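The values are calculated or read from the model by the stated rules, or taken from the named source; none is laboratory data. Computed from a prediction, not measured in an experiment: that's the story for all the values here. Because the Cβ atoms are built from the backbone with ideal geometry, glycine has one as well, and the counts that use them run over all protein chains shown.
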Amino acid sequence: MEKLGIIFDLDGTLVNSAPDVISAMNAVLEKNNFPLSQYDEAIKWVGYGGLYMLEQYFKNRKIKVENSTLKSFYYQFLDHYSDNIDEETLLYPNTKEVLDYYLKKNIRMGVCTNKKEDLSIKLLERLNISSYFKAIVGSDTVEKMKPHPSHLVETAKRMGSIFEEILMVGDSKTDYETAKSARASFVLITHGYGSLNPQSTAPDLIINDFLELKGFTSKRFGV
């Protein structure tokens, strides 16, 4: 049994992928003769998946789209995004430094994301950080995705050990609900896309920079 396992959300937590995700959606809209979505509108949907983004786009404009058409648009989105997955996507500041810190301390790390798993692995490989993680678990390889706690639990299982404590790091209410339902500790990082009302929720810590995570785990878990 190991003392601590750390599980990260992906989009909005480890990486700022919004420019490429929004670009993929707009490529589909342009191809199919719809007006483009502006960044300030589309950013609110990032982190919930391409299908959700398309649904919200048409819902906001009161445009009725058949399910078969929406599905076709979604596949177009996936194709474009896969081909352009790291055009503008960047790691958030100090991400790699913190991953190096926990790697040197032999802390197992994983990624629990609602992005498709193959795309998640591809992106992390392109950004040269996939090797830090013992498990990268996307929404399409589990029965129920976040905020269902089983997604986080399955990620921990695939990390190859049993842990006394699990810490999740994320940027959204979805991540918070996932961690709390799984009885895991939760650190909210504020540089992402999610919104979390501190008056109605209680993350164990709110941080603005990944470097703050080291002090928290040292004090709380001794690592």
| said: I'd like the residue in the stretch 48-91 that is part of a helix (DSSP H, G or I) and of a type in the set (Gly, Ala, Ser) and, out of all such residues, is surrounded by the fewest Cβ atoms within 10 Å (Cβ to Cβ). | reply: 68
| said: Among (1) of a type in the set (D, E, K, R); (2) touching a residue at least 24 places away in the same chain (Cβ under 8 Å); (3) surrounded by 15 or more Cβ atoms within 10 Å (Cβ to Cβ), there is one condition residue 212 misses while meeting the rest; what is its number? | reply: (2)
| Which of the residues spanning the stretch 1-30 are within 27 Å of residue 154 (Cβ to Cβ) and charged (D, E, K, R)? | 2, 3, 9, 11, 20
| message | Just to check your reading of the model, which residue among 181, 161, 195 is at pLDDT below 95, under 20 Å from residue 114 (Cα atoms) and among the hydroxyl-bearing types (Ser, Thr, Tyr)? | response | 195
| note | Of the residues in the stretch 159-179, those that are farther than 22 Å from residue 49 by Cα and either aliphatic (A, V, I, L, M) or surrounded by 15 or more Cβ atoms within 10 Å (Cβ to Cβ) (or both) number 6
| remark: Going through the stretch 99-154 in order, the residues found to be more than 25 Å from residue 19 (Cα to Cα), of a type in the set (Gly, Ala, Ser) and touching a Gly at 6+ places or on another chain (Cβ under 7 Å) are 135
| Options 106, 94; residue that is surrounded by fewer than 18 Cβ atoms within 10 Å (Cβ to Cβ), in contact with a Leu (Cβ under 6 Å, 6 or more places away or on another chain) and either on the phi > 0 side of the Ramachandran plot or hydroxyl-bearing (Ser, Thr, Tyr) (or both) | 94
| query | Are any residues in the stretch 37-79 among the aromatic types (Phe, Trp, Tyr), under 13 Å from residue 27 (Cα atoms) and in contact (Cβ under 8 Å) with a residue 24 or more places away in the chain, and if so, which ones? | reply | 73, 74, 77
| field | Residues satisfying the stated conditions in the stretch 60-109, i.e. more than 30 Å from residue 221 (Cβ to Cβ) and among the hydrophobic types (A, V, I, L, M, F, W, C) | value | 63, 65, 70, 73, 77, 78, 85
